[in-house]
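The values are calculated or read from the model by the stated rules, or taken from the named source; none is laboratory data. Please read all numbers here as calculations on a predicted model, not as lab measurements. Cβ coordinates were reconstructed from backbone atoms using ideal geometry, including for glycine residues, and neighbour counts include every protein chain displayed. Note: areas computed on protein heavy atoms with side chains; ligands, DNA, RNA excluded. Shrake-Rupley method; radii C 1.70, N 1.55, O 1.52, S 1.80 Å.
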Amino acid sequence: MAYYFTAMDQPVNHFLHVKIKTLDGFRGLAVILVCCYHYLHFFSFGWTGVDLFFILSGFLITGKLIESIDSNHYFRSFYLKRILRIVPLYFSVLLIFFVIIPLLLPSFVSVSFKELLQQQIYYWTFTANLYDAVHGWPLNITLIHFWSLACEMQFYLVWPFIVYFFYGKRKSMVIILIALCLSGLLFRIYGHFFLVFSSIYRYVLMPCRLDAFCAGALLYMFVSRNKIILYKKIFLSVSLLALGSILLIMAIMQVPWHFSADTVSKYGYTLDAIFWSTFIAFTLCSDTHLLQRIFTGSLITWFGKYSYGIYIFHLPVFVIISRQHLLNAGSQDKTWSLAAIAFITTCLCSFASYHLLEKHFLKLKPVR
């Protein structure tokens, strides 16, 4: 899926036209990381794919908004596009699990799933992350990953106003983005002193993940004015510094890089945001062909194109396949086999949903 933006100070940003396919590759990497995290218990850092998704959203959504800033239907057009992209598949899956399965397959409804049914209003209203922040993870994990979609939708609610009022004042916009990054960090550190939250609030609440969204927006600010080439060495240095900090924390803590670790949940998400955003920036302006070949390859960009469906389906498919006892647990080989079957099935479901459902709604999106 290609994206094209109008730069702040140019009619058409040629750099974005040429390089934007790379972001599809990063989207493909993000969804692969998340799938591996849920499919393979030893892939403890795969959750960082969610951070990568948030950064890409910050980049792409900021670009889309700036492109349409002069439109007479700026807000209406943006929200309609987001609804047409997110809601049809999302609500279809909710309909399957909250309506069709309880009616037609009551044997599938376990005790934990009944509890999930009682909480379904939070999923229909894109507030599952708020419920999780207060009560903790649901017992049934089938739709546990939908917290991030709630986080995205809440970001979409507020971001058009930030861009609309401040995009013309570049320095003010940059200052606001940096301030929001810091506010996300501070809220993760001190939020529990003021509000009663579960320990996972740092992971699931949109204000706590602002550093990732804003890092993506800052990246767009560089790219849109073709400033990115000037800072290539700085991007590489900062990316390596962030990665080195992550490895150092892992060595000192002697634990995997997992979102639930206290230090990671306070400071690690910011390090993730810095690493991914600067690594993306370095890749975009790299004059070597290796990184470009990796992230513009046909396979990884295919995963990027269908990443939304893959993300939606990957955990429900895994839960259903596991429940059917197609493979016995215990053997490492069988763990890999189960993961492979689940991933292939997920990709097939995503391909089918895109061509049978999603793309027909995407055709209804307004041009501006």
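Quick notes
- A Förster radius of 30 Å, combined with the Cβ-Cβ distance separating Tyr190 from Gln118, puts the computed FRET efficiency at roughly 0.40.
- Taking θ as phi - 60° and the Karplus parameters 6.51, -1.76 and 1.60, the scalar couplings of segment 72-78 work out to 5, 10, 3, 6, 4, 5, 5 Hz in sequence order, x denoting glycine and proline.
- Taking the C-alpha atoms only, the angle from helix 232-253 to the longest principal axis of the chain is near 40 degrees.
- The accessible surface of segment 85-134, taken with every protein chain in place and a 1.4 Å probe, is 72 percent carbon and sulfur.
- Average accessible surface for segment 176-280: 46 Å² per residue, computed with a 1.4 Å probe over protein heavy atoms with every protein chain in place.
- Solvent-accessible area of segment 161-241 (1.4 angstrom probe, protein heavy atoms only): carbon and sulfur portion equals 75 percent.
- Length released on extending from Leu103 to Tyr267, taking residue separation times 0.36 nm less the Cα-Cα span: 54.5 nm
- Ser172 paired with Leu157, simple spin-label distance in nm, labels 7 Å along Cα-to-beta-carbon: 2.5
- Shape of the chain, Cα gyration tensor, a/c cut at 1.5: rounded
- Listed pairs Lys232/Lys266; Lys114/Lys363; Lys114/Lys305; Lys21/Lys114 exceeding 32 Å between Cα atoms: Lys114/Lys363; Lys114/Lys305; Lys21/Lys114
- Between Lys365 and Phe91, full extension at 0.36 nm per residue minus the direct alpha carbon distance yields a gain of 96.9 nm.
- Annotation for His135 and His355: the two label points, set 7 Å from Cα along the Cα-Cβ direction, are 4.0 nm apart.
- Normalised alpha carbon radius of gyration of segment 8-145 [divisor 2.2 N^0.38 Å]: 1.32
- For the chain, calculated [θ]222 nm from helices alone, where every DSSP H run of n ≥ 4 adds -39500 (n - 2.57): -21500 deg cm²/dmol
- Averaged over its residues, segment 70-171 has an accessible area of 49 Å² per residue, based on protein heavy atoms and a 1.4 Å probe.
- Calculated FRET efficiency for the pair Ser110/Lys233, C-beta based, R₀ 56 Å, to 0.05: 0.55
- Three-way shape label, segment 213-273, alpha-carbon gyration tensor, a/c 1.5: oblate
- Working note: Cα gyration tensor of segment 118-277, eigenvalues times five, square-rooted, sorted largest first, giving semi-axes of 28, 22, 13 Å.
- Inter-part distance where segment 163-185 and segment 277-303 are each reduced to a Cα centre, Å: 27
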